[in-house]
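Following: one structure in C-alpha cells, then a few remarks.
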Amino acid sequence: MPDAFQNDPHEIKVGKVEPRGAPCVEFSPDPSAMVIFGASGDLTRRKLIPALFKLSRTGIIGDDFFVLGVARTEMDSEGFRTAMEEAVKAHGEFETAAWERFAKRLFYISADYGDEGAYAAIASFLEEKEGVFATKGNRIFYVATPPSVYETVTGLLGASGLAGEKAGWTRLVVEKPYGRDTGSARRLDEAVLSSFSEPQVYRIDHYLGKETVQNILMLRFANTIFEPLWNRHFIDHVQITVAETLGVERRAGYYEQAGVLRDMFQNHMMQVLALASMEPPSVYDPELVRDERSKVLLALRRPPLERMDDWLCLGQYVEGEIDGKAVPGYTEEEGVARSSQVPTFAAMRVYIDNWRWQGVPIYLRSGKRLKKRLSEVSVQFRNVPHLMFKDTIGGEIGPNTLILKIQPEERIQLKFHTKYPGSRVCLRDVFMDFSYLEGYRGLTLGAYERVLMDCMLGDKTLFVRKDGVSLSWEFLTPILEYIEKSGKGAPDVNLYRAGSYGPTEADKLMSKDGRRWRNE
C-alpha cells in the first residue's frame with residue numbers, strides 16, 4: 001500500500017501544512033532578528049517568549065533567528081535567559097534540549113527608551129550578531145512597552161536610522177492600545193509614519209490570530225450552504241460575546257484609563273464584527289481582505305447620543321464568587337480608585353447600513369468577572385414564517401442558530417429542531433458540532449504564535465491597517481466623550497455581581513427588541 005495512505009491527511013508536519021484535498025502550503029519565515037522593547041514586562045514573559053520558543057521548538061523558525069530584549073530593568077543576557085526560562089516553564093511547554101538551543105539566541109540590553117545613545121548600542125549589537133546568525137539584515141522591532149512611550153521608541157528608531165531598510169526588510173509591531181481616541185490615534189500614526197512607511201507597520205490584534213476567528217472567512221466563503229443565508233433576509237440578529245472570569249488583575253493602572261470600551265470594543269470586538277459581516281473580496285489577498293473589513297467599519301450607523309440608553313448598557317462588577325471562590329469588587333482592586341465609575345462591562349447594539357445587513361441588529365457584549373469565560377459569534381436565523389405544528393406541539397419553537405465558538409474551545413455548532421423518537425409529535429433542539437482539535441494530531445499554533453509567524457512571513461491579513469484603527473475610533477470616540485462628560489442621557493454604570501452574566505439592564509437592552517442573550 002502506498003505511503004500516502006498510511007499518513008494522517010490532516011497532519012501538519014514541521015515546515016509545511018498538508019490540508020486534505022489541497023497541495024502542500026509551504027511556510028518558511030525569512031531569517032530575522034527581533035528586538036523587543038519592554039522585554040522585562042508581563043507581555044514578553046507570558047506571551048512573546050513562550051510563543052517564539054514554540055516556533056523554535058517545532059522548527060518553524062531556525063538558527064537564523066535571534067532575539068534582543070531591551071528594557072529599563074537592570075539585567076544582563078544571562079539573567080534575561082533565566083527569567084525567560086522560568087516564564088516558559090510556567091507556560092507548560094518546556095523541553096530542556098530545545099530550550100538550550102533557543103536560549104543561545106536570547107540577548108538583552110538595559111536601556112532607557114528615551115536615551116539616543118541606547119539606539120546606537122542596539123544598532124551596533126544588531127550588526128555584530130546578524131553576521132553570526134545569518135539573518136540577512138531582516139529586523140522586527142516589537143514595541144511591548146506602556147503606550148506612553150510608543151512615540152518615543154518609534155521616533156528614536158527613525159532618528160537613529162534603525163527604521164530604514166538596507167540589507168533586508170524592517171518591520172514595526174505595535175501592541176494595543178493604539179491611542180485612546182480619534183485624536184491620539186492620529187497623532188500616534190503621524191509619529192509612527194514619520195519613521196516607518198505603512199507597509200512596514202504591523203498593528204497587532206492577537207485576537208485575530210485565534211483559529212476560529214480566522215475560519216470565519218473559510219466558513220462563509222468556501223461553503224455554498226452558508227453564504228446565501230448570510231444576509232438580512234434570513235438572519236434575525238447576531239451576537240458577539242467576549243466574556244472573562246478574570247478581573248483587572250495587575251492592569252488596574254491601565255484599566256482605570258481605558259475601561260471596557262477602549263480595552264475590548266475598539267479592537268477585538270470591532271475586528272471580529274468586521275470579519276463576520278464583510279463582503280467577499282475577489283481573491284484572498286491581505287490588502288483586499290482588509291479593504292472589506294474597513295468598509296464594514298465605515299458603514300456602522302452612528303447612534304444618537306441623546307438616546308444612548310437604547311443602544312448601550314454599561315456595568316461594573318462588585319464582590320461575588322467565581323468558581324466557588326470569593327472575589328473583590330472592581331473598586332476594591334489594588335490600584336483602583338474607590339469612587340471609580342470606569343465600566344468593566346458593556347453591551348451595545350449596532351447596525352451596519354448596507355444592502356446585506358440593513359435592519360439587522362448586531363449585539364456586542366464584553367465584560368470582566370462574568371460567570372464563564374466565553375468568546376463566540378452567534379448567528380440567529382429568522383423564525384419560520386408559519387408554524388404548522390402550533391396546535392400539535394403547543395407553544396413556539398426557538399430559532400436555528402449558528403455558533404462560532406472562539407474560546408475556551410474552538411468549535412462550530414449548528415442548532416436546529418428535530419422530532420423526539422416515539423409516537424407523539426414533540427420537538428427537541430439538537431446540535432451539529434464540529435471541534436477543531438478533535439481527532440487532530442498535528443501542530444497547532446496559538447494566537448501569538450500565528451501573528452508572530454505571519455509578521456516574519458510578511459502576511460498582513462490578520463493585522464489592522466491604519467484606516468481600520470481610525471474608523472473604529474471614529475465610531476467609538478463620540479460615544480466615549482459623551483459618557484465621560486457625564487452628559488444628560490449618558491448611560492448609568494450599573495453594578496453586577498462577580499460571577500453573574502452582567503447587569504440585568506443588559507437583558508433589557510435585548511428584551512426591548514423581543515430577544516435575549518445566549519448564555520449557554
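Any read-out appearing in this document is the output of simple, stated calculations on the displayed coordinates, not a laboratory observation. Note that this is a predicted model, so its numbers are computed, not measured. Neighbour counts run over all protein chains shown; Cβ positions are idealised from the backbone, glycine included.
Nearest-5 percent of antiparallel DSSP beta bridges in the chain? Display every interim value, and only then the final one.
Details: 47 of 83 bridges.
Taking every DSSP beta bridge within the chain, about 55 percent pair in antiparallel fashion.
Among 187-199, 51-63, how do they line up by average Cβ neighbours within 10 Å per residue, starting with the highest?
Details: 187-199: 16.3, 51-63: 20.4.
Averaged packing, sorted descending, gives the order 51-63, 187-199.
When the label point is put 7 Å from the Cα of GLU256 along its Cα-to-beta-carbon vector, which residues of region 331-368 have a backbone N closer than 20 Å?
Of the residues in region 331-368, 331-345, 368 have backbone N under 20 Å from the label point off GLU256.
Hey, can you rank 291-300, 28-37 by average C-beta count inside 10 Å, highest first? Mind showing how you got there, number by number?
Numbers: 291-300: 19.7, 28-37: 21.2.
Descending mean neighbour count gives 28-37, 291-300.
Could you pull out every one of the lysines with an alpha carbon less than 26 Å from that of LYS54, ignoring same-chain neighbours closer than 8 positions?
In chain and number order, the partners are LYS13, LYS16, LYS89, LYS104, LYS129, LYS136, LYS176, LYS210, LYS405, LYS460.
May I ask you to sort GLU165, GLU334 by Cβ crowding, counting other Cβ atoms within 10 Å and putting the fewest first?
On the way: GLU165 14, GLU334 10.
Neighbour counts put them in this order, fewest first: GLU334, GLU165.
Could you work out how far the C-alpha centroid of region 157-177 sits from that of region 215-262, in angstrom?
Answer, in whole Å: 31.
Relative contact order of region 12-175: what whole-number percent is it, with Cα pairs under 8 angstrom and at least 6 residues apart? Spell out each step's value before the answer.
Details: 249 pairs, mean separation 45.0, N = 164.
With pairs under 8 Å counted, the relative contact order is 27 percent.
Rounding to the nearest 20 debye, state how big the charge dipole of the chain is about its Cα centre with +1 on each Lys and Arg Cβ and -1 on each Asp and Glu Cβ.
Numbers: 67 positive and 73 negative charges, 320 e Å.
For the chain, the charge dipole is close to 1540 debye.
Tell me which GluC sites (Glu not before Pro) from region 28-107 have a DSSP coil assignment and no more than 14 other beta carbons within 10 Å of their own. Present the calculation step by step, with values, prior to reporting the outcome.
Numbers: sites: GLU74, GLU78, GLU85, GLU86, GLU93, GLU95, GLU100; in loops: GLU74, GLU93, GLU95.
Passing sites in region 28-107 are GLU74, GLU93, GLU95.
If I take R0 = 56 Å and measure r between the Cβ atoms of GLU74 and GLU319 in this structure, what FRET efficiency does the formula 1/(1 + (r/R0)^6) give, to the nearest 0.05?
Working: r = 39 Å, r/R0 = 0.70.
E(calc), rounded to 0.05, equals 0.90.
Arranged by the count of other C-beta atoms within 10 angstrom, fewest first, what order do LEU68, LEU305 take? If you can, show how the numbers build up before the last one.
Details: LEU68 23, LEU305 16.
The most exposed by this proxy come first: LEU305, LEU68.
Using per-residue counts of other Cβ atoms within 10 Å, averaged over each peptide, order 267-280, 406-419 from highest down.
Numbers: 267-280: 22.4, 406-419: 15.9.
Result, highest mean first: 267-280, 406-419.
For each of THR401, THR145, count neighbouring Cβ atoms within 10 Å of the residue's Cβ, then give the residues from fewest to most.
On the way: THR401 19, THR145 22.
Placing the least packed residue first, the sequence is THR401, THR145.
Among DSSP beta bridges whose residues both lie in region 128-281, state the antiparallel percentage, nearest 5. Please report the intermediate quantities before stating the final value.
Details: 0 of 8 bridges.
Around 0 percent of the beta bridges assigned by DSSP in region 128-281 are antiparallel ones.
Taking the chain as the reference, fit the longest principal axis to its C-alpha atoms, fit the long axis of helix 116-133 to the helix C-alpha atoms, and give the angle between the two in degrees, 0 to 90, nearest 10.
The angle comes out near 90 degrees.
For region 87-142 and region 267-302, what is the separation of their Cα centres, given in Å?
Using only Cα atoms, the two centres lie 35 Å from each other.
Between 0 and 90 degrees, rounded to the nearest ten: what's the tilt of helix 77-91 against the longest Cα principal axis of the chain?
20
Any idea what the relative contact order of the chain is, in percent, if you count C-alpha pairs under 8 Å spaced at least 6 apart? Before the final figure, lay out the partial values.
Working: 921 pairs, mean separation 90.1, N = 520.
With pairs under 8 Å counted, the relative contact order is 17 percent.
Sequence neighbours fewer than 8 away in the same chain don't count; with that in mind, list the lysines whose C-alpha is under 22 Å from LYS325.
Correct list for LYS325: LYS368, LYS371, LYS372.
Taking the Cα centre of region 12-175 as the origin, how large is its charge dipole in debye, to the nearest 20, when only Lys and Arg (+1) and Asp and Glu (-1) carry charge on their Cβ atoms?
Details: 19 positive and 23 negative charges, 136 e Å.
Dipole size: approximately 660 debye.
Nearest 0.05, what FRET efficiency do ASP309 and ASN519 give at R0 = 22 Å with Cβ-Cβ as r? Don't jump to the answer; show the numbers that get you there.
Numbers: r = 22 Å, r/R0 = 1.01.
Computed FRET efficiency for ASP309 and ASN519 comes out at 0.50.
Determine the sum of side-chain charges near SER470: Lys and Arg each +1, Asp and Glu each -1, restricted to other residues whose C-beta is under 13 angstrom from that of SER470. Intermediate results must be reported in sequence, preceding the final value.
On the way: positive: ARG186, ARG187, ARG203, ARG290, ARG293, ARG465, LYS466; negative: ASP181, ASP189, GLU190, GLU198, ASP467, GLU474.
Neighbour charge sum, excluding SER470 itself: +1.
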